[in-house]
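Asks: The structure's right below; bear with me while I get my questions together.
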Amino acid sequence: MAGRKRRMRRILAAAVLLPGVLLILFPFYWMVASSVEHLAQIVRFPPELVPHPLDFASYPKGLTFLPFARYFLNTSEIAVLSTLGAVLSASVVGFAFARLHAPTKKFFFVLVLSTMMLPMAVLLIPQFVLFKTLGWVNTYLPLIVPAFFGGSAFLIFLFRQFFSSIPEEVFDAARIDGCGYPRLYWSIARPLAVPAFTAAAVFHFQFSWNDFLAPLIYINSNSKYTLALGIANFRSAYGATPWNQLMAVSLMMALVPITIFFFAQNYLLSGIVVSSR
C-alpha cells in the first residue's frame, strides 16, 4: 500500500512538472530547429515545429563570417582566469568569515552581503574611471583582476555557509596537531569543500562566459571581442539578420556552459544543498 502511494505521488509530481519542463526546453528546441532551417522556413507562418528539409550550412557560414574562433579563445581566457581567481579568493574570504574569531566579523559579513543590493549601473562610472586611470581599458584586466580580490558576495556567502557546516571537532583535532589557519584552510577545509568549489566555479564561469555588459564597456578592439560581443556584432554586420546563422552561432556558444553543467551537476547540487543549511 505504501509503495503504491509513493508511485502515485511520483506520477502526480511528473504530471505537474512535465508541462513546466517542456515550456522551459521549447526555446532551446526552437533555437536548434531554426539553426538547421532555411531563412524562408523560419519566417514562414504558421511556423513548422519539425524542420524539413534539414540544412546545416548555417553553421560553417555563421562561424566563419566573423572570427568566432578568435572570440572563443578570448572568452575562454577571460572565463577560466576570472573563475580561478574568484573561486580561490572567495573561498579564502568565506573560510575567514566561517572560522576566524573576530569581534567585527558579523558586521563585515553583513557589509559584504549588502553589496549584492547595489545595482551594477551604480558602479559602472567609478569603476570605468578607475580602470581608465590605470590604463586597463581595451585590455582583459578589468574582467579578470577584480575576481582575484574576493570574487563576489554570492560566492563568499556560498563558501561561508559550506565551511560553517563542517564540524568544529575536525578543526580542533587539526589545531592539536599544530595547524594554523592557513593550513586549516588548505589541508582540512579545502579538500572537504570540493562540492562548494565546483558549484562556485560553475556559477562564475557561466556568468563570465555569458557576460555582455562588462566586455562592451572595456573592450574596443574587434580582435579582443568575446563571443557575446561577436554575436551582437554579427547582427549589425548584416543588412538583414540571418536568423538561422545567428541561432547556429548562439547554439555553439551555449554548448560550453551546458556541457560543464552536465558533467558537474552532482557536485553542483550537493554544494548548493549543503551551503543552504
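Every number here is computed from the coordinates shown, using simple stated rules; none is lab data. Note that this is a predicted model, so its numbers are computed, not measured. With ideal geometry, Cβ positions are generated from the backbone for all residues, glycine too; neighbour counts draw on all protein chains shown.
Asks: What are the ³J(HN,Hα) couplings of the stretch 186-198, residue after residue, when phi is run through the Karplus curve with 6.51, -1.76, 1.60 and θ = phi - 60°? Round to Hz, x for glycine and proline.
Replies: Whole-Hz 3J(HN,Hα) from phi for the stretch 186-198: 6, 9, 10, 6, 4, x, 7, 9, 4, x, 5, 4, 5.
Asks: While we're on this one: Mind giving me the FRET efficiency for ASN138 and SER236? R0 is 25 Å, r the Cβ-Cβ distance, nearest 0.05 is fine. List each step's numbers first, then the result.
Replies: Details: r = 20 Å, r/R0 = 0.78.
With R0 = 25 Å, the Cβ-Cβ based efficiency is 0.80.
Asks: Could you calculate the contour length gain from ILE258 to SER187, that is, 0.36 nm times the residue separation minus the distance between their Cα atoms, to one decimal place in nm?
Replies: Values: separation 71, 0.36 × 71 = 25.56 nm, distance 3.16 nm.
Fully extending the segment from ILE258 to SER187 adds 22.4 nm.
Asks: Is there a quick way to get the dipole size of the chain? I mean about its Cα centre, with the Cβ of Lys and Arg at +1 and of Asp and Glu at -1; what is the value in debye to the nearest 20?
Replies: Working: 20 positive and 9 negative charges, 158 e Å.
With Lys and Arg at +1 and Asp and Glu at -1, about 760 debye.
Asks: At a 10 Å Cβ-Cβ cut-off, how would you order ILE11, ILE144, fewest neighbours first? Walk me through the numbers before you get to the answer.
Replies: Values: ILE11 10, ILE144 21.
Lowest to highest Cβ neighbour count: ILE11, ILE144.
Asks: How would you rank VAL137, VAL249, going from fewest to most other Cβ atoms within 10 Å of each one's own Cβ?
Replies: Numbers: VAL137 15, VAL249 24.
With the fewest neighbours first, VAL137, VAL249 line up as VAL137, VAL249.
Asks: List MET31, MET8 from most exposed to least, where exposure is judged by having the fewest other Cβ atoms within 10 Å. Could you put the intermediate results ahead of the total?
Replies: Numbers: MET31 16, MET8 10.
The order, fewest Cβ neighbours first, is MET8, MET31.
Asks: Could you point to the residue in PHE162, MET31, PHE234 farthest towards the positive end of the chain's charge dipole, with +1 and -1 charges on the Cβ of Lys/Arg and Asp/Glu respectively?
Replies: So the residue furthest toward the plus end is PHE162.
Asks: If you put +1 on each Lys and Arg Cβ and -1 on each Asp and Glu Cβ, how big is the dipole of the stretch 105-202 around its Cα centre, in Debye rounded to 20? Walk me through the intermediate numbers first.
Replies: Values: 7 positive and 4 negative charges, 56 e Å.
In debye, rounded to 20, the stretch 105-202 gives about 260.
Asks: How far, in degrees from 0 to 90, does helix 105-114 lean away from the longest principal axis of the Cα atoms of the chain, to the nearest 10?
Replies: 10 degrees
Asks: Now for a separate question. Between LYS61 and PHE149, with labels modelled 7 Å along Cα→Cβ, what's the label distance in nm to one decimal, could you check?
Replies: Modelled inter-label distance: 4.7 nm.
Asks: If r is the Cβ-Cβ distance from ILE176 to LYS106 and R0 is 45 Å, what FRET efficiency results, to the nearest 0.05? If you can, show how the numbers build up before the last one.
Replies: Values: r = 27 Å, r/R0 = 0.61.
Efficiency for this residue pair is about 0.95.
Asks: Right, next: Length gain on complete extension for the stretch SER76 to ARG4, per 0.36 nm per residue less the alpha carbon to alpha carbon distance? All intermediate terms of the calculation are to be shown ahead of the outcome.
Replies: Numbers: separation 72, 0.36 × 72 = 25.92 nm, distance 4.98 nm.
Using 0.36 nm per residue and subtracting the Cα-Cα distance, I get 20.9 nm.
Asks: Right, something else. Relative contact order for the chain: what percent, with Cα pairs under 8 Å and sequence separation of 6 or more?
Replies: Values: 281 pairs, mean separation 85.5, N = 277.
Contact order relative to length: 31 percent.
Asks: If you don't mind, another one. Need the full-extension length gain, TYR29 to SER114, defined as separation in residues times 0.36 nm minus the C-alpha distance. One decimal, nm.
Replies: The span from TYR29 to SER114 would gain 26.8 nm if fully extended.
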